[in-house]
Ligand SMILES: O=C(O)C(=O)C[C@]1(C(=O)O)C=C[C@@H](O)C=C1
């Protein structure tokens, strides 16, 4: 997927926020490029076309955006998995709470309180798909 003009590394740096930035690189509308909550943004223009056609076109865009977000989530999950596996293989813990706080801060800065929930979900996904056995399934000692 071509994310230009964003550097590719940015696409790996943070998930949903980055996905939304990538989306911004690929779509002509501008509402995504502000951290303002929707209620603080100017009202969306009233569509002049047939409402059903408008909704269909916008839903097609949402479907395409969701597919990009899912692809980025998969890529992020793979990168995260490699880190978690490496840490556990060297005797460390699957979880790094300090790093998780940094990730959560990024989403909170972008979306406020709901950003925290997105970060939690993203991190849960990364850990659930890591291939690292859950603590209860790990041999002790
Ligand atoms: O950055 C790490 O150290 C990771 O293991 C990646 C990651 C993440 O997906 O962002 C996953 C688990 C950790 O608890 C913290 C962060």
Once the cut-off is 13 Å, how many percent of the Cα-Cα pairs in the range 56-100 end up in the long-distance tail?
65
For the range 54-141, convex hull volume per residue from C-alpha positions, Å³:
116
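Every number in this text was worked out from the coordinates using simple rules, so none of it is lab data. Since this is a predicted model, take the numbers as computed values, not measurements.
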